[in-house]
């Protein structure tokens with residue numbers, strides 16, 4: 001498709017967000033955020049590195065790439081409002097496939113009333129999707145990883161390990177009876193924007209999204225807050241359906257599978273009630289999985305209780321818990 | 001280099017812009033623009049498509065990629081404040097080369113007091129640089145392509161064709177006596193931010209940056225404003241040094257060479273004085289090259305006067321003026 005026509009085909013007919021002063025069609029886009037701060041995040045996914053045509057349809061490539069960015073906005077406590085897309089298109093990709101990538105993004109964008117406001121289209125040898133997502137958050141209500149405090153509850157939303165299990169099924173067990181559930185969780189994760197919005201009344205909360213696995217993200221919160229995160233392996237919420245797989249697989253997927261785009265956070269016991277109400281209101285499962293402690297020699301790291309002993313939870317998770 | 005160390009190496013020690021609430025190091029960056037609108041633009045450059053190691057050092061790859069984005073902010077009438085960088089790194093690129101790309105960006109960013117606030121680093125087979133630049137502009141002071149009016153003067157900044165000539169010299173005439181001047185103009189273009197800032201007092205101005213060649217950008221202004229842009233070829237400012245090259249080369253480079261990152265704009269005769277003062281104040285050459293007209297049958301297109309006749313100036317420029 002000729003570039004001009006292509007851009008026309010992806011240009012919104014109207015903008016959902018009143019903050020969009022100028023969308024696609026000039027040298028740049030213009031946004032007017034009056035009383036709120038602007039959040040900005042950018043991620044890149046490359047064919048054969050971050051996804052394969054074997055496991056991901058063009059629609060889901062677009063959907064997941066945008067979901068990953070929206071999840072970062074949620075992890076900052078914000079609402080996603082707009083996005084820019086730069087795409088590198090190899091010759092062997094058809095117009096239909098490229099349109100499908102955009103349809104996947106647009107479907108998810110519609111859920112959150114987000115607008116496509118710009119980007120770039122270039123040719124190249126590997127399909128590469130770079131997405132910038134813009135969000136809004138009330139002043140001084142951003143949720144940083146550094147905001148954990150001693151005595152906080154550590155919690156996660158949803159269940160962990162589903163996305164990694166879905167990828168496993170796509171690659172090795174296509175006849176699994178749980179195919180649809182886990183593959184959907186892998187291909188169409190739903191960022192926790194609604195829950196985060198409902199949490200606006202909470203004074204303080206550390207937050208991170210589960211993109212690499214909670215082993216990694218728990219360590220990130222511990223490091224940023226200069227405290228110790230203790231997690232009880234037996235409290236980590238997992239789908240019952242995961243019991244059909246081996247203990248080793250479950251550990252691996254739940255701790256370091258990643259891409260669940262759930263949230264891990266910490267909050268004071270006093271505010272837990274507000275969080276539970278927000279969770280109920282938005283139909284979001286939340287589970288207490290640990291505690292924030294202050295132990296000079298261990299601050300900055302995460303630990304896990306498993307098989308009757310505490311072990312250091314390395315960022316990579318898995319290898320240190322097996323056997 | 002390990003990713004964490006790499007990110008540390010590019011993380012600013014402090015942020016120059018007071019609007020940066022949170023830079024690199026959490027799930028996303030946060031910006032607080034109080035009384036101004038936020039401009040956003042995103043561009044991608046791919047190895048072998050947009051640049052070649054033959055003509056561009058890693059330093060200049062970074063510099064030019066960022067310059068192209070800053071130029072888009074200038075063309076909206078704004079000031080560039082921050083940027084996010086996603087880079088796809090093939091194995092054969094060394095750490096030093098990657099650091100050089102960032103050094104090129106950082107040198108230019110320093111000129112404009114811009115901060116690096118985020119991005120992504122992934123592996124892949126072709127070096128790909130996606131940059132998102134954020135800018136600020138006073139409310140309702142954005143300069144759109146659609147703001148040309150009948151009777152306006154058409155002007156450009158600087159001289160045109162230099163960058164294309166520089167590329168030609170790098171590829172075919174490395175012994176040219178003008179090597180340094182033109183190659184510098186190709187490798188280190190300077191976006192016209194200072195000039196645009198000095199123009200804030202101007203009530204109305206249509207603006208576009210010369211990234212593809214003025215043949216293209218004049219047509220974009222004509223189309224967006226639904227008017228006719230008439231340009232006099234003999235008034236187009238060109239370096240005297242360009243006279244050492246053929247007429248055909250000059251036409252080609254000046255009209256459709258592109259990447260000069262100069263500005264083409266239109267402004268009323270009444271405000272021309274203010275523009276001239278801004279130009280003088282910022283040491284920016286400006287030249288009147290044409291007029292905006294209202295001719296129902298030709299509106300939306302650009303025309304050029306050359307060799308005693310008016311011809312339609314196609315977006316591609318060159319081919320229609322030769323011979």
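Every read-out reported here was derived from the displayed coordinates using simple, explicitly stated rules and does not represent laboratory data. Small disclaimer: the values here were computed from a predicted structure and weren't measured. Cβ coordinates were reconstructed from backbone atoms using ideal geometry, including for glycine residues, and neighbour counts include every protein chain displayed.
Computed over chain B with a Gaussian network model linking Cα atoms closer than 10 Å, the most mobile of B:126, B:218, B:136 is B:126. Computed across the stretch A:1-152, the Kirkwood radius stands at 16.3 Å (inverse of mean 1/r, all Cα pairs).
Radius of gyration (Cα atoms) of the stretch A:13-90, expressed as a multiple of 2.2 N^0.38 Å: 1.28. Largest GNM mean-square fluctuation across A:61, A:134, A:202, computed for chain A with C-alpha springs under 10 Å, falls on A:202.
Only helices enter this figure: runs of n ≥ 4 DSSP H residues, each worth -39500 (n - 2.57), summed and divided by the residues of chain B, yield -9500 deg cm²/dmol at 222 nm to the nearest 500. The simple Förster model, with R0 at 30 Å and r as the Cβ-Cβ distance, assigns residue A:295 and residue B:113 a FRET efficiency of 0.10. Only Cα sites of the stretch B:70-139 enter the Debye sum here, all with the same form factor; the resulting log10 I(q)/I(0) across q = 0.23, 0.24 1/Å is -1.01, -1.06, listed in q order.
Take every Cα pair under 8 Å whose residues are at least 6 apart in sequence, average their separation, divide by the length of chain B, and the relative contact order is 21 percent. Normalised by residue count, the stretch A:163-203 yields a Cα convex hull volume of 71 Å³ per residue.
Taken over the Cα atoms of the stretch A:70-213, the convex hull encloses 153 Å³ per residue. A compact globular protein would have a Cα radius of gyration near 2.2 N^0.38 Å; the ratio found for the stretch B:167-258 is 1.27. If R0 is taken as 30 Å, the Cβ-Cβ distance between residue A:247 and residue A:226 corresponds to a FRET efficiency of 0.35.
In this assembly of identical copies, the label point of residue B:269 (Cα plus 7 Å along Cα-to-Cβ) is separated from its counterparts by 8.1 nm, sorted shortest first.
Across the identical copies, the 7 Å label point of residue A:201, projected outward along Cα→Cβ, sits 5.4 nm from its counterparts, in ascending order. Computed from the C-beta positions of residue B:181 and residue A:121, the FRET efficiency with R₀ = 35 Å rounds to 0.60. Note on the stretch A:53-101: Kirkwood radius taken over Cα pairs, Stokes-Einstein applied at 4 °C and 1.567 mPa s, translational D equal to 106 µm² s⁻¹.
To the nearest ten degrees, helix A:95-111 and the longest principal axis of the Cα atoms of chain A are 50 degrees apart.
Here the stretch A:145-320 is described by how far its Cα atoms reach on the three principal axes: 47, 37, 23 Å, from widest to narrowest. GNM on chain B, alpha-carbon springs under 10 angstrom: the most fluctuating residue among B:127, B:275, B:116 is B:127. Helix B:247-256 versus the longest principal axis of chain B: what is the Cα-based angle in degrees, 0 to 90, to the nearest 10? Once rounded, one gets 60 degrees.
Taking all C-alpha pairs of chain B, those more than 25 Å from each other amount to 52 percent. P(r) tail for the protein assembly as shown: Cα pairs beyond 43 Å make up 26% of the total.
Angle of helix B:162-172 to the longest C-alpha principal axis of chain B, folded into 0 to 90 degrees and rounded to 10: 70°. Between identical copies, the spacing of residue A:110 label points, each set 7 Å from Cα toward the C-beta atom, reads 5.0 nm from nearest to farthest.
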